[in-house]
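Everything below concerns the one structure shown next.
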Amino acid sequence: MSSNDRVIIFDTTLRDGEQSPGASMTGEEKLRIAKALERLRVDVIEAGFAIASPGDFAAVKTIADTIHDSTVCSLARAVDADIERAAEALKGANSGRIHTFIATSPIHMQYKLRMQPDQVVEQAVRAVTKARNLCADVEFSCEDAGRSDIDFLCRIVEAAIDAGARTINIPDTVGYAIPHQYGELIAELLTRIPNADKAVFSVHCHNDLGLAVANSLAAVVAGARQVECTINGLGERAGNAALEEIVMAIKTRQDLLGVHTRIETEHILSASRLVSGITGFPVQPNKAIVGANAFAHESGIHQDGVLKHRETYEIMSAQSVGWNANKMVMGKHSGRAAFRSRLDELGIALAEDELNAAFARFKDLADKKHEIFDEDLQALVTDTLTEETPEHYKLTSLEVTSKTGQVPQARLMLAVDGHEQAASAQGSGPVDATFKAIESIAGSQATLQLYSVNAITQGTDSQGEVTVRLEKGGRIVNGNGADTDIVVASAKAYLNALNLMQASVLRAHPQVEGI
């Protein structure tokens, strides 16, 4: 295939994905995901919104300084301060991009921007020109393009391309489009805009009507050659087009779509699980490509067909997206070299002290659990790195009593800045009692917004991975914990969230205007 047949994959998990309520990530977590995206061979990684906060700036800068195989991008409104901040964060990038945007729909221009169409065009041109003077690669987005007048879109896009934008994004910001209509919009823009051949046309679809992937593919058929998406479809409201679904649809239906990507699909599953573990957003079992049931067959007819010939009921192989990694490869007799080698195969890079801590945890886990799966290793590393958060609170011991007909009770010991404090509490269940005992010491006054438990692997000896989401004063944090004892995992997750609240890196949730 020619280069014109390649679809550029633009991943915005770290920017739009983080705008999901409760999905805020630390800088270290963002870097881990960026490395996984680079391993996946994502073309463009939108690392954040550099002006949103010092933490966002630092994360974009760190990713730009670290990632070499993917273009690193920062979002910026069409204002000088945003663009200058983005350029500063991207200085160290091997390949950087400034992504600037302004709203173009009548409702946004009238009620949000309070600007006339002529003013919007003027500001867009000024922003693209400034960005182009600071960075060779500039993308321009028409926010709410799906509800914009097509004549105005033609006018502002032509002006943006003349000003130096080499990627033009036509987002369905509110998930309003229908596939055939959205495809027709892209086709008409490509036909009507005189200088359309000087830019790559991109699409960014939200999933409010469950059509983000369908709309994106319709746009590709119409001539779009960049798709903006996220791992697991993460994103605000109903989320974005899911990267794994876009990529596998293109790969599986090359006969119909006639395009390809450079994504190394066998790393899709590990990236999905990493994002799920860090954000605390579990993947539903029937989720396409990466759900636990995606390649499961219960019907006798289906099972018989697959056994005779896989393609009777499977349009792609489980191995092609990474499911072949679900085999036990480690145990209590595995050494440090094998442990390091398996982490390398999973795309997990640790500093020497982190590796030592993770290996010690691995040995403890191997004493409790005979078979160690890749999912266990992912959770183990997340749990190890979680403990690098400054530990204001640390669990020293925990005893829980739960008996039929009696009120559950928890007794625990916490080290608070190194000084031990004991507490006990009753609750409606062992986890509730444990959280109440912790709160009797911490007195955080935070609101518990989410308590999520996921079994990492099959079997009664599986580790439980717990996510606790706390909110206080408009700030939201996710705490994570993993253990074969689900109550201990819950306590770890709650304490991790409390420690994050104490950390100076905490920031308000990034619900800033975006595309």
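Screening residue 130 with (1) farther than 30 Å from residue 180 by Cβ; (2) charged (D, E, K, R); (3) surrounded by fewer than 17 Cβ atoms within 10 Å (Cβ to Cβ) gives one miss only, at (3). Taking the criterion of being in contact (Cβ under 8 Å) with a residue 24 or more places away in the chain, in contact with a Gly (Cβ under 7 Å, 6 or more places away or on another chain) and surrounded by 21 or more Cβ atoms within 10 Å (Cβ to Cβ), would at least one residue in segment 7-15 satisfy it? Taking every residue of segment 7-15 in turn, at least one turns out to be in contact (Cβ under 8 Å) with a residue 24 or more places away in the chain, in contact with a Gly (Cβ under 7 Å, 6 or more places away or on another chain) and surrounded by 21 or more Cβ atoms within 10 Å (Cβ to Cβ). Residues of segment 245-280 that are more than 14 Å from residue 230 (Cα to Cα) and part of a loop (DSSP other than H, G, I, E, B): 253, 258, 259, 261, 262, 264, 280. Select from segment 39-78 the residues that are modelled with pLDDT of 95 or more, among the acidic types (Asp, Glu) and buried (at least 19 other Cβ atoms within 10 Å of the Cβ) and list them in ascending order. If the condition is that a residue be modelled with pLDDT of 95 or more, among the acidic types (Asp, Glu) and buried (at least 19 other Cβ atoms within 10 Å of the Cβ), then 43, 46 are the ones that fit. Among residues of segment 84-114 being of a type in the set (Ser, Thr, Tyr) and surrounded by 14 or more Cβ atoms within 10 Å (Cβ to Cβ), the one that is nearest to residue 135 (Cα to Cα) is 95. Just one of the listed residues (429, 405, 464, 443) is out of contact with any strand residue (DSSP E or B) (no Cβ under 9 Å at 6 or more places or on another chain) and either within 21 Å of residue 485 (Cα to Cα) or crowded, with 16+ Cβ neighbours inside 10 Å (or both), namely 429. Taken over segment 203-229, the criterion of being out of contact with any helix residue (DSSP H, G or I) (no Cβ under 9 Å at 6 or more places or on another chain) and part of a strand (DSSP E or B) is satisfied by 226 alone.
Can you work out which of the residues in segment 311-322 that are surrounded by 15 or more Cβ atoms within 10 Å (Cβ to Cβ) and out of contact with any helix residue (DSSP H, G or I) (no Cβ under 6 Å at 6 or more places or on another chain) is modelled with the lowest pLDDT?
Residues of segment 311-322 surrounded by 15 or more Cβ atoms within 10 Å (Cβ to Cβ): 313-314, 316, 318, 320-322.
After this cut, where a residue has to be out of contact with any helix residue (DSSP H, G or I) (no Cβ under 6 Å at 6 or more places or on another chain) as well, the list is 314, 318.
Numbers: 314: 61, 318: 78.
The selected residue is 314.
Figure legend. Inter-residue proximity from segment 312-338: first residues within 23 Å of residue 352 (Cβ to Cβ) and not assigned by TED's automatic domain parsing to the domain that holds residue 263, second residues at pLDDT below 60 and part of a helix (DSSP H, G or I), beta-carbon distance below 8 Å, spacing 6+ or different chains. No pairs are indicated.
Taking segment 17-38 only, how many residues are in contact with a strand residue (DSSP E or B) (Cβ under 8 Å, 6 or more places away or on another chain) and modelled with pLDDT of 80 or more?
Matching residues across segment 17-38 total 6.
A Cβ distance below 6 Å, combined with a sequence gap of six or more or placement on separate chains, defines the contacts here; from segment 249-277, residues that are of a type in the set (Lys, Arg) reach residues that are in a helix (DSSP H, G or I) in the pairs 273/378. Of all residues in segment 401-424, those satisfying the criterion of being under 19 Å from residue 498 (Cβ atoms), in contact (Cβ under 8 Å) with a residue 24 or more places away in the chain and touching a helix residue (DSSP H, G or I) at 6+ places or on another chain (Cβ under 9 Å) are 410, 411, 412, 414, 416. Can you tell me which residue within segment 253-304, out of those that are over 21 Å from the mean Cα position of the chain (by Cα) and charged (D, E, K, R), is modelled with the lowest pLDDT? Step by step, filter segment 253-304, then rank; the result is 298. When 17, 48 are checked against the criterion of being within 19 Å of residue 173 (Cα to Cα), out of contact with any Asp or Glu (no Cβ under 7 Å at 6 or more places or on another chain) and not assigned by TED's automatic domain parsing to the domain that holds residue 474, a single residue qualifies: 17.
Yes or no: segment 363-383 includes at least one residue that is polar (S, T, N, Q) and in contact (Cβ under 8 Å) with a residue 60 or more places away in the chain.
For segment 363-383, residues polar (S, T, N, Q) and in contact (Cβ under 8 Å) with a residue 60 or more places away in the chain: present.
Would you mind stating whether residue 177 is hydrophobic (A, V, I, L, M, F, W, C), free of Cβ contacts under 8 Å to residues at least 60 places away in the same chain, under 30 Å from residue 93 (Cα atoms) and in a loop (DSSP other than H, G, I, E, B)? So residue 177 fails the test.
The values are calculated or read from the model by the stated rules, or taken from the named source; none is laboratory data. It should be emphasised that the depicted structure is a prediction, and the values quoted were computed from it without experimental measurement. Glycine also receives a Cβ, built like all others from the backbone with ideal geometry; neighbour counts cover every protein chain displayed.
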